[in-house]
Amino acid sequence: MTGHRILVVDDEVRVLASLRRGLELSDFEVVTAGDGAQALAMVRTAAPDAMVLDVNMPVLDGEGVVTALRAMGNDIPICVLSARSAVTDRIACLERGADDYLTKPFDLGELVARLRALLRRRVIAERPGAQVRVGQVQIDLAGHRVLAAGTPVELTKREFEVLALLAEHPGIVLGREQILSAVWGYDFATDTNVVDVFVSYLRRKLEAAGAARVVHTVRGVGFVLREQP
């Protein structure tokens, strides 16, 4: 895993210099930006393979950068750095489209490991195309489209990835740890409820479109996509 270009975004010069040095010693090519606006410009001009993004920045903060990139359809892997450690803060960033969330202070080795995990992940768009139908829900894995009772359903990138993972294993119960590893690329603390939160989002949207429930909870085990509980 060498030669990948990482865009590091932070408004503190010393932090930028430290991260650049550490990542370059880990065989990454590093480009930097000092604020959110510069970050958006660098994504276009430098074509980085992944981004390390501080949350607390003036003018345009990290959450604004994530929101803007995802709205433009840019799926660059993003690891957010934040001093906020609450699960609700993690979920808020992940829901906006971040791929990982690392709480300050952090170990450089952990950041490197998480970046490598993000870069190893096979994005769903690269998987072989398939149509999966369960009950009244139809999932187009290649086209990132979902129909519920014949009605198109708009899902966020992360919501679709959770549904697509379940669709690739219809009838098989997947544990929370499996879903976290496959969709987010690493393990959260075991007490996090991020998977439950995103499953609840999925259910709400699919059922609001008129489909009967197809994403079921198997108590003490995990979640499964099938017609019957």
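Some values worked out for this structure:
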read-out	value
Whole-percent carbon and sulfur share, accessible surface of the stretch 5-119, 1.4 Å	52 percent
The stretch 5-119: mean projected area of Cα convex hull, nm²	6.3 nm²
The stretch 131-225, accessible surface, carbon-and-sulfur percent (1.4 angstrom probe)	50 percent
Accessible area (Å², 1.4 Å probe, nearest 10) - D61	60 Å²
Mean separation of Cα contacts under 8 Å, 6 or more apart, over the residue count of the chain: relative contact order %	14 percent
Ordering of 39-45, 102-108 by burial proxy (mean other Cβ atoms within 10 Å per residue, highest first)	39-45, 102-108
Built amide H within the under 5 Å cut-off of V134, gap 5+	I139
Percent antiparallel among DSSP beta bridges (both partners in the chain, rounded to 5)	50 percent
Net charge of neighbours whose Cβ lies under 9 Å from the Cβ of P48, counting Lys and Arg as +1 and Asp and Glu as -1	-1
Segment V197-A71, extension gain: residue separation times 0.36 nm, minus the distance between their alpha carbons	43.2 nm
Of (i) 42, 18, 14; (ii) 25, 22, 16; (iii) 33, 18, 16, the label for semi-axes √(5λ) of the Cα gyration tensor in Å derived from the coordinates	(iii)
Formal net charge of residues neighbouring P229 (Cβ-Cβ distance under 12 Å; K, R +1; D, E -1)	+2
Where the chain is the region considered: accessible area per residue in Å², 1.4 Å probe	47 Å²
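The values are calculated or read from the model by the stated rules, or taken from the named source; none is laboratory data. What you are looking at is a predicted structure, and each value in this text was computed from that prediction instead of being measured. Ideal geometry is used to build each Cβ from the backbone, glycine not excepted, and the neighbour counts take in all protein chains shown. With ligands, DNA and RNA removed, areas are computed over all heavy atoms of the protein, side chains included. Shrake-Rupley method; radii C 1.70, N 1.55, O 1.52, S 1.80 Å.
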